[in-house]
Amino acid sequence: MMKKNIFFPIACALMAAPLLTSCQDDVDSSAGENSNTHTYSLVVDASEGLQQAPASRALTEDASHNIKSSWANEDEILTYVINDGLEATNYSTITNKNLGNGNRFDGEIASKKAITTSSQIAFLYPGKAAQGKDKTITPVVLSKERSSLFHEESDKTQELVALDLTQQDGTAETIGNRFDFQWTKQSPKFVNGKTVNVNIGKMKRLVTIWGLRFTDDKNKPLANIDSIYVSNVKGSDVLKLSDGTFVDGNPEDEVMNVVLKPKAGKKFSSVGGNYTYVAFLPGTYEDVVVTAYVGSKVYQKSYSSITFGSDKIYRTDLLKMENTKQKAYVEIQGIKWATGNFIHYKEGSQEYWGIAPTQWWISRRAVMLNSNRKEVSSGGILQSSQFESSPKQTTDDVDLFRFGSIAKALSFNGLINGADTWGENEISQKISSDGKHGDIVWYYTKGNKRKYRMPTEAELRTLYTTANVIPAYCYTDKGTVVYGAFFTNNASNDANKRKKLFPTKAKKYDKYTNVTALVRANKGLFLPVTGRRLNGSDVIGYRDMAYGAGAYGQYMSSTSALMNWDFFFGPTEWNFAKAPKAQAKAIRPVLVEESATGSDNSFAPFANIK
């Protein structure tokens with residue numbers, strides 16, 4: 001006989017402590033023994049929670065900024081029968097009908113096997129978070145394509161679920177509706193025909209909640225806050241419904257930041273003692289950075305180490321926050337990397353050669369693209385050239401250069417490009433006697449206050465072999481997205497103990513972390529995926545993040561041996577290899593010195609770029 005899936009309507013309630021109940025629901029006796037439906041119910045007490053450590057229930061904030069906990073009518077809880085093997089289209093949910101003096105949750109639960117008192121049922125709140133296009137609870141399975149522990153979304157219900165807290169609106173109400181993850185598992189108290197009675201008691205809260213208030217450098221409460229980033233706290237992970245623990249050893253599933261953006265038409269404000277709330281997964285974290293964006297200003301507060309417990313509400317006043325400025329360098333594995341690639345940019349009559357104004361800068365950072373991913377003047381979608389089909393480099397917006405080429409650096413087409421390289425094997429801080437060839441970075445910055453040069457092969461290799469690295473992205477000043485790699489210090493200096501999450505495979509955008517705030521706060525090295533230009537061509541290849549074979553960043557060292565030593569990384573690339581000198585590639589310079597004399601180029605078009 002073919003085994004059928006069995007659907008059990010449930011009535012459940014939560015309480016602060018176990019409560020013996022006598023619960024009687026009518027059973028449709030006419031359904032027969034082959035019925036797919038059983039009905040069972042549960043009634044429990046729902047007492048109010050405490051402000052500091054709220055009991056398991058929905059969250060609201062009162063006029064005095066206290067967090068209140070009380071079950072709301074129509075609250076939903078996800079249910080899942082453990083070790084049952086059912087893979088359904090959607091998880092079963094139960095709903096609070098708020099009957100009588102207690103809170104009773106009614107609904108249907110799907111099961112492949114008949115439920116008995118030995119069965120175990122997992123409960124995960126909020127059930128509504130597993131529904132809709134903006135769901136924050138998603139079933140996942142272990143990827144069969146990857147050797148590492150790497151989970152992908154499933155179109156069927158699974159024991160594993162990804163919890164996503166990375167995008168929030170700063171309110172306690174929304175945390176309660178979408179992010180206040182709570183879990184428990186219980187066996188039925190009794191099963192009477194198609195009635196299953198479950199007492200689930202108090203649920204285990206899986207998140208911590210942090211209330212934040214801000215003042216500026218003059219200790220005035222911040223108002224009109226556009227967005228807030230909380231970086232280096234865990235904003236996502238994979239939960240096992242079977243035991244309420246998170247999967248170990250899966251850093252690719254763990255996005256380490258949370259972005260708060262207010263509801264449409266609103267701004268965050270600390271005026272009047274108002275808090276902005278953020279929920280994330282508890283733990284002890286290092287280098288936590290809180291960044292508040294107010295117009296063109298970026299306020300920052302850092303914590304070297306901070307611990308958050310589960311089922312806790314923390315409140316912090318971040319006082320006298322200062323507007324952050326771009327620094328001359330970020331230091332990774334002892335090397336002082338510039339906070340931008342080397343570029344040429346021209347706008348009107350103004351021309352610039354030097355370090356890009358931000359780490360995320362790429363040529364054609366914002367282009368209007370149509371459905372064929374070609375540039376149009378209107379009617380398209382504004383995107384970076386990482387989603388443009390075969391973008392072309394123009395002489396007024398250049399971020400790719402040939403080895404040793406200075407005088408003809410803006411000559412893209414024709415055979416002369418292949419001959420316009422320098423025969424030297426090491427060109428860092430070297431210029432030919434005629435000034436036409438050598439280290440282009442040193443050539444244009446050696447007279448500045450901040451002096452830079454090209455990185456050597458050995459320096460660039462530290463990023464390939466030693467530094468921690470994750471897939472990441474930044475938002476540009478135009479609101480477009482630029483993808484790349486984000487490097488941080490590996491304190492052990494041991495390549496075997498580094499965090500390395502490349503390559504990702506093509507189009508796995510969900511595996512990239514938003515590091516905009518960290519980059520703005522000079523807290524790591526971000527290298528955009530830039531692609532390369534072939535000899536004698538203005539077309540940029542392998543920049544397209546939508547390309548099925550993968551895009552990559554190709555970064556040039558100052559070292560060659562017939563061919564140039566380059567660092568390649570991207571969705572399908574992670575290697576250090578020789579490449580033709582005539583290929584045009586990206587350069588991330590290294591700081592030589594920040595001297596007391598000289599001056600840095602002033603370029604008005606970059607004045608408001610953060």
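The values are calculated or read from the model by the stated rules, or taken from the named source; none is laboratory data. Predicted, not measured: the structure shown is a model, and the values here were computed from it. Don't worry about glycine lacking a Cβ; one is built from the backbone with ideal geometry, like all the others, and counts go over all protein chains shown. The accessibility values were calculated without ligands, DNA or RNA, using every heavy atom of the protein model including side chains. Shrake-Rupley method; radii C 1.70, N 1.55, O 1.52, S 1.80 Å.
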Between a residue in the stretch 595-610 that is under 13 Å from residue 347 (Cβ atoms) and any residue that is at pLDDT 85 or above and open to solvent by less than 80 Å² (accessible area, probe 1.4 Å), which pairs come within a Cβ distance under 7 Å, given they are 6 or more apart or on different chains?
603/350; 603/352; 604/350; 605/350; 606/357; 609/357; 609/358; 609/477
Within the stretch 490-527, the residues that are in contact with a strand residue (DSSP E or B) (Cβ under 6 Å, 6 or more places away or on another chain) and closer than 15 Å to residue 572 by Cα are 500, 501, 502, 503, 504, 511, 512
Breaking point among (1) surrounded by 22 or more Cβ atoms within 10 Å (Cβ to Cβ); (2) within 12 Å of residue 165 (Cβ to Cβ); (3) not β-branched (Val, Ile, Thr), for residue 236:
(1)
In the stretch 407-422, what residues are out of contact with any Lys or Arg (no Cβ under 8 Å at 6 or more places or on another chain), at pLDDT 80 or above and open to solvent by 60 Å² or more (accessible area, probe 1.4 Å)?
413
Of everything in the stretch 108-129, what is surrounded by 16 or more Cβ atoms within 10 Å (Cβ to Cβ) and either without any contact (Cβ under 8 Å) to a residue 40 or more places away in the chain or basic (Lys, Arg) (or both)? Give them in sequence order.
128
In the stretch 519-531, which residues are part of a strand (DSSP E or B) and crowded, with 23+ Cβ neighbours inside 10 Å?
525, 526, 528, 531
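Any residue at all in the stretch 524-535 that's touching a Ser or Thr at 6+ places or on another chain (Cβ under 8 Å) and at pLDDT 95 or above? Can you show your working first?
Kept after step one, since they are touching a Ser or Thr at 6+ places or on another chain (Cβ under 8 Å), are these residues of the stretch 524-535: 524-525.
Those still in the list that are at pLDDT 95 or above too: 524-525.
Among the residues of the stretch 524-535, at least one is touching a Ser or Thr at 6+ places or on another chain (Cβ under 8 Å) and at pLDDT 95 or above, which makes the answer yes.
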Selection within the stretch 450-489 - more than 22 Å from residue 334 (Cα to Cα), surrounded by fewer than 23 Cβ atoms within 10 Å (Cβ to Cβ) and hydrophobic (A, V, I, L, M, F, W, C):
481
Please count how many residues of the stretch 495-505 are in contact with a Ser or Thr (Cβ under 9 Å, 6 or more places away or on another chain) and open to solvent by 20 Å² or more (accessible area, probe 1.4 Å).
5
Filtered residue count, the stretch 130-148, keeping only those that are over 23 Å from residue 231 (Cα atoms) and either open to solvent by less than 60 Å² (accessible area, probe 1.4 Å) or assigned to a helix (DSSP H, G or I) (or both)
8
Hey, among the residues in the stretch 546-569 that are assigned to a strand (DSSP E or B) and either open to solvent by 10 Å² or more (accessible area, probe 1.4 Å) or touching a Leu at 6+ places or on another chain (Cβ under 6 Å) (or both), which one's farthest from residue 387 (Cα to Cα)?
561
Select, from 227, 231, the only residue that is polar (S, T, N, Q), under 26 Å from the mean Cα position of the chain (by Cα), open to solvent by less than 10 Å² (accessible area, probe 1.4 Å) and more than 25 Å from residue 108 (Cβ to Cβ).
231
May I ask you to list the residues in the stretch 311-326 that are open to solvent by less than 40 Å² (accessible area, probe 1.4 Å) and within 22 Å of residue 526 (Cβ to Cβ)?
324
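Kindly evaluate residue 596 against the criterion of being under 30 Å from residue 297 (Cβ atoms) and either open to solvent by 30 Å² or more (accessible area, probe 1.4 Å) or aliphatic (A, V, I, L, M) (or both).
On the way: under 30 Å from residue 297 (Cβ atoms): yes; either open to solvent by 30 Å² or more (accessible area, probe 1.4 Å) or aliphatic (A, V, I, L, M) (or both): yes.
Considered against the rule, which asks whether it is under 30 Å from residue 297 (Cβ atoms) and either open to solvent by 30 Å² or more (accessible area, probe 1.4 Å) or aliphatic (A, V, I, L, M) (or both), residue 596 comes out as yes.
Quick test for you: out of 572, 516, pick the one residue that is more than 24 Å from residue 448 (Cβ to Cβ) and open to solvent by less than 50 Å² (accessible area, probe 1.4 Å).
Working: 572 fails: open to solvent by less than 50 Å² (accessible area, probe 1.4 Å).
Sole residue among the options that is more than 24 Å from residue 448 (Cβ to Cβ) and open to solvent by less than 50 Å² (accessible area, probe 1.4 Å): 516.
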Determine which member of the set 351, 331 is more than 26 Å from the chain's Cα centre (by Cα) and not basic (Lys, Arg).
351
Taking the condition out of contact with any helix residue (DSSP H, G or I) (no Cβ under 9 Å at 6 or more places or on another chain), within 25 Å of residue 551 (Cα to Cα) and surrounded by 17 or more Cβ atoms within 10 Å (Cβ to Cβ), does residue 342 pass?
no
I want to confirm something. Restricting to the stretch 157-209 and keeping residues that are of a type in the set (S, T, N, Q) and part of a loop (DSSP other than H, G, I, E, B), which single residue is surrounded by the fewest Cβ atoms within 10 Å (Cβ to Cβ)?
187
Which count do you get for residues in the stretch 358-389 that are of a type in the set (S, T, N, Q) and touching a helix residue (DSSP H, G or I) at 6+ places or on another chain (Cβ under 8 Å)?
3
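Given the criterion in contact with a helix residue (DSSP H, G or I) (Cβ under 6 Å, 6 or more places away or on another chain) and at pLDDT 95 or above, identify the matching residue among 546, 577. Even if it seems obvious, please write down each step before you answer.
On the way: 577 fails: in contact with a helix residue (DSSP H, G or I) (Cβ under 6 Å, 6 or more places away or on another chain).
Only one candidate qualifies: 546.
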